[in-house]
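**Student:** One structure is given below, represented as structure tokens, and several questions about it will come after.
Here, each number is a calculation from the coordinates, and none is a lab measurement. Everything quoted here is computed from the prediction, not taken from an experiment. All Cβ positions, glycine included, derive from the backbone under ideal geometry; neighbour counts span all protein chains shown.
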Amino acid sequence: MKQKVIDVKYRKDSESFPDFMKYEITLLNEDGSTEKIPAYGKDLQDALSRVVHDKKVKKFDKKAKSVPWWGWTIVWFGYLTALTLWYYSTPNRVEILLGGVGSAFVTLLVIMMWGQERNKAKK
């Protein structure tokens, strides 16, 4: 058992976003302690999915921050080195360069967009 939802209470409708509702979710942790989390969503399922998403983001963020800055620098320059070696070994140089650097930026953009917390009060 990681966490279980033991109680959900409907609080109110959102005033600024009429489609959203506010819930108060009580979670039972592994150690037996309880945690109350305010959750926002169009319905209860949406609110719960936002809470789960935020937990995953926090877990990923914790792991990503445990890697030192020079580790990410080594990964980036390793990627650029592999891209450069591939660039000089094939005749399709422009496609490799644009595709390689473009895919790196698209990957970073997707990670940044996914990493935003969803369960925030809508203002």
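**Student:** Scan the range 24-79 for residues that are in contact with a strand residue (DSSP E or B) (Cβ under 9 Å, 6 or more places away or on another chain), exposed (fewer than 14 other Cβ atoms within 10 Å of the Cβ) and β-branched (Val, Ile, Thr) and report the count.
**Tutor:** The number of residues fulfilling the criteria is 1.
**Student:** May I pose another question? Is there any pair linking a residue in the range 83-97 that is among the aromatic types (Phe, Trp, Tyr) to one that is in a helix (DSSP H, G or I), with Cβ under 9 Å and at least six apart or on different chains, and which?
**Tutor:** Trp86/Ile96; Trp86/Gly100; Tyr87/Arg93; Tyr87/Ile96; Tyr87/Leu97; Tyr87/Gly100
**Student:** Output the residues belonging to the range 1-22 that are in a strand (DSSP E or B) and either in contact with a Ser or Thr (Cβ under 9 Å, 6 or more places away or on another chain) or without any contact (Cβ under 8 Å) to a residue 12 or more places away in the chain (or both).
**Tutor:** Let us first name the residues in the range 1-22 that are in a strand (DSSP E or B), namely 4-13, 21-22.
Matches in the range 1-22: Val5, Ile6, Asp7, Val8, Lys9, Lys12, Asp13, Met21, Lys22.
**Student:** Which members of the range 80-109 meet the condition of being aliphatic (A, V, I, L, M) and either surrounded by 12 or more Cβ atoms within 10 Å (Cβ to Cβ) or more than 20 Å from the chain's Cα centre (by Cα) (or both)? Break it down stepwise before answering.
**Tutor:** Applying the first criterion (aliphatic (A, V, I, L, M)) to the range 80-109 yields 80, 82-83, 85, 94, 96-98, 101, 104, 106, 108-109.
Scanning the range 80-109 gives Leu80, Ala82, Leu83, Leu85, Val94, Ile96, Leu97, Leu98, Val101, Ala104.
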